[in-house]
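Asks: Below is a structure I'd like to ask you about.
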Amino acid sequence: DPCCRWIWIDGSAEAVNQYVCFRRDFKLDRKPARARIQISVDSDYQLFVNGHEIYGRQFSDYPRYRSYDTYEVGGRLRRGGNTIAVLAYYRGANFSEYRKGQPGLILQLDAGERYLLSDGHWQCRLSPSYVSGEVPRVTQQMGFTVEQDGRHEDDWTNPGYRAGREWRAAAERAGPTDG
């Protein structure tokens, strides 16, 4: 029985300040009247459906009390090929407004007759435009600074994007209730 899995890029258990791109292409036999996405990420995210950003950000929470967001996205889906993309951010260090948890993304799309779940079929890579790893901190309370160079962005959030060699299968970390 398929279920959502917490996923992340493999080999990054002790990473800090990490920006990871996730994407999943899928097909729909017809455009759904309604569809909703439920998502949770440690620590924050940007969500895209067919290249359109769905406004929202992760509510600051604690590793033992995970919150999730729900979005209606039926208007952004279409018959045929679709893409869900997520730029996920993991802080990985304690700050005044954040407590270190495990890096992870969990997502479910309910599009009527079709479900899409986060699992090892998603593709991921480190963001080519954001600097991951140790960077200067704004302060000990506020966290890391952001270093980003938009010249390294590509069209990864859109349908039809061809993933290169830097993309790999997401690593399944845990189920929705077991860690």
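The values are calculated or read from the model by the stated rules, or taken from the named source; none is laboratory data. Keep in mind it's a predicted model, so treat the numbers as computed, not measured. Here the Cβ is made from the backbone with ideal geometry for all residues, glycine too, and neighbour counts use every protein chain on show. Only protein heavy atoms, including side chains, enter the accessible area calculation; ligands, DNA and RNA are left aside. Shrake-Rupley method; radii C 1.70, N 1.55, O 1.52, S 1.80 Å.
Asks: In Å, the Kirkwood hydrodynamic radius of the range 66-179 over pairs of distinct alpha carbons?
Replies: Taking the inverse mean of 1/r over all distinct Cα pairs, the range 66-179 comes out at 16.9 Å.
Asks: Given charges of +1 on the Cβ of Lys and Arg and -1 on the Cβ of Asp and Glu, with all other atoms neutral, how large is the dipole of the range 1-85 about its Cα centre, in debye to the nearest 20?
Replies: 580
Asks: Can you list, bin by bin at 10 Å, the percent of alpha carbon pairs in the range 64-108, starting at 0?
Replies: 17, 43, 25, 14, 2
Asks: How large are Rg and Dmax for the range 9-58 when only the alpha carbon atoms are used, in Å?
Replies: Just the Cα atoms of the range 9-58 yield Rg and Dmax of 14.0, 42 Å.
Asks: What is the ratio of the Cα radius of gyration of the range 1-158 to 2.2 N^0.38 Å, where N is its residue count, to two decimals?
Replies: 1.05
Asks: Additional query: Under a 10 Å cutoff between Cα atoms, tell me which one of Gly160, Gly120, Gly104 has the largest fluctuation in the Gaussian network model of the chain.
Replies: Comparing Gly160, Gly120, Gly104 in the GNM, the peak value goes to Gly160.
Asks: Kindly provide the pair-distance distribution of the range 125-179 built from C-alpha pairs, with 5 Å bins from 0 and whole-percent values in order of increasing distance.
Replies: Spelled out per bin, shortest first, that is 4, 14, 15, 17, 14, 18, 15, 3, 0.
Asks: Which value, in Å² and to the nearest 10, is the accessible area of Glu147 when all protein chains are kept and the probe is 1.4 Å?
Replies: Looks like 70 Å² after rounding.
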